[in-house]
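Notes follow the structure.
What follows is calculated from the coordinates using simple rules that are stated; it is not laboratory data. Source: prediction; values computed, not measured. Neighbour counts run over all protein chains shown; Cβ positions are idealised from the backbone, glycine included.
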Amino acid sequence: MLYFRKICGKELCYISSMDKKTTKYYKEHASEFIESTFNADLSSLYSFFLQYIPSSGKILDLGCGSGRDSLYFKNKGYDVYSIDIIEEMISNCKKLGLEKSYCTSIEDYNPSFKFDAIWSLASLVHHSKGECALALNKINSILRKDGILYLSLVKGEGEFSDSNSRLYSGYTSKEVYDMLIKEGFDIIQIDESDDSLKRSRKWINALARKR
């Protein structure tokens, strides 16, 4: 389904951010997903990200899932907002005391303020590459000047589906670099890493600053 939205005076065409099979999987397996991901140790990633964020700064956890990362940031004193398109994920966030949790997509999220930072851990992996670029444009529009973005995407080539019929887009480090530059970011660091849950996939991790 196509729809249009104006960002920074430009009218952009969006497509649904997750295909029906992928969305169906997360709706049907929300409890399993929460249980399997909640205790992942991302402390080194958190520390690297947070060194660039002012104390009590506003952070958006995009595609918050179980609420694990949002809860960590909140417990560190940050003003955390959490969004996800799966209602069960948002329900779990609210159970954790994350009251600023909303069931919406980045495309439909329109805060009245700018964020100091946006945390996008694996949240755009199910977008096509065109959709991902548009999402980054929207992310840029809701970040303050010099605001920080953490982005992780799956390393690979083209689009592919896993054994659960979830659709992914694969990237090289150069593709991520070029896409971020085009969408108005300066690169702080890009690297590659293994999967924190010991799955076979590898990740492209980028830290960037809004120009």
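For Arg211 and Ile181 in one chain, what is 0.36 nm times their gap in residues minus the Cα-Cα distance, to one decimal in nm? Spell out each step's value before the answer.
Numbers: separation 30, 0.36 × 30 = 10.80 nm, distance 0.93 nm.
Result for the pair: 9.9 nm of gain on full extension.
Could you tell me what percent of the DSSP beta bridges with both partners in the chain are antiparallel, to the nearest 5? Let's see the in-between values first.
Numbers: 26 of 44 bridges.
Restricted to the chain, the bridges split so that about 60 percent are antiparallel.
As a test of the formula, what do you get for the chain when each DSSP H run with n ≥ 4 contributes -39,500 (n - 2.57) and the sum is divided by the residue count, at 222 nm and rounded to the nearest 500 deg cm²/dmol?
Values: 7 runs with 66 residues, N = 211.
It lands at -9000 deg cm²/dmol.
Students often get this wrong, so try it: which of [x] 27, 21, 18; [y] 22, 21, 19; [z] 33, 24, 14 is semi-axes √(5λ) of the Cα gyration tensor in Å as calculated from the structure shown?
The value computed from this structure is option [y].
Would you be so kind as to identify all helices of the chain, as entire DSSP H runs, whose Cα atoms reach 27 Å or more along the helix's own axis and whose mean Kyte-Doolittle hydropathy is at least 0.5?
Values: long enough: none.
The answer is none, since no helix passes both cut-offs.
What is the distance, in nm, between label points placed 7 Å from the Cα along the Cα-to-Cβ direction at Arg144 and at His29?
Taking the simple label geometry, Arg144 and His29 are separated by 4.0 nm.
State, to one decimal in nm, how far the label point of Arg199 lies from the label point of Lys174, with both points 7 Å from Cα in the Cβ direction.
Result: 2.7 nm between the two label points.
In nm, what is the difference between 0.36 nm times the number of residues separating Asn110 and Lys76 and their Cα-Cα distance?
On the way: separation 34, 0.36 × 34 = 12.24 nm, distance 2.52 nm.
Roughly 9.7 nm would be gained on extension.
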